[in-house]
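The values are calculated or read from the model by the stated rules, or taken from the named source; none is laboratory data. Bear in mind that the values here come from a model prediction, so they are computed numbers and not experimental data. Each accessible area value is taken on the protein alone, full model and side chains, heavy atoms only, with ligands, DNA and RNA left out. Shrake-Rupley method; radii C 1.70, N 1.55, O 1.52, S 1.80 Å.
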Amino acid sequence: MIMYKTEIIKGVKDTKLRSEKLAELINDQAKNGWDFESAIHAHKYDVIAIFKENPSYKLNQDINKGIKKVTSKFNKVVDAINSKE
């Protein structure tokens, strides 16, 4: 199932500042696995930004956790072997 979420930027009248806030929001959400879909101008200089969950982000996070666990166990085995020598 595809998940969506919205974020609101409230009442920023200056268009340059509004665009900077939107870019910052998009970049922050991308770091957390959300892809920007679109934005809608709303009442009184508000912006509603729509994000779509990136399914490969969670998969990559899970893979990285698994790799770290395996690496940690492998390092313990190597350390145990080296300590016996």
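Per-structure values
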| quantity | calculated |
| --- | --- |
| Proximal lysines to residue 44, defined as alpha-carbon separation beneath 17 angstrom and excluding residues fewer than eight positions away on the same chain | 10, 13, 16, 21 |
| ³J(HN,Hα) computed for each position of segment 61-72 - Karplus, 6.51 cos²θ - 1.76 cosθ + 1.60, integer Hz, glycine/proline x | 4, 5, 4, 4, 4, x, 5, 5, 5, 5, 4, 4 |
| Per-residue [θ]222 nm for the chain (sum of -39500 (n - 2.57) over DSSP H runs n ≥ 4, rounded to 500) | -19500 deg cm²/dmol |
| Solvent-accessible area per residue, Å², over the chain with all protein chains present [probe radius 1.4 Å] | 81 |
| Structure-derived volume of the Cα convex hull per residue in Å³: which label, when the choices are (1) 105; (2) 120; (3) 84 | (1) |
| Table column - 3J(HN,Hα) (Hz), segment 2-12, Karplus curve with 6.51, -1.76, 1.60, x for Gly and Pro | 7, 9, 10, 8, 10, 10, 10, 9, 8, x, 9 |
| Using θ = phi - 60° and Karplus 6.51 cos²θ - 1.76 cosθ + 1.60, couplings along segment 28-43 (whole Hz; Gly, Pro as x) | 5, 5, 4, 5, 9, x, 10, 8, 5, 9, 6, 9, 10, 6, 10, 4 |
| Given 31/73; 31/68; 5/31; 5/65, the pairs whose alpha carbons are separated by over 23 Å | 31/73; 5/65 |
| Solvent-accessible area, 1.4 Å probe, carbon plus sulfur percent, for the chain | 57 |
| Potential extension, residue 44-residue 80 segment - 0.36 nm per residue separation minus Cα distance | 6.4 nm |
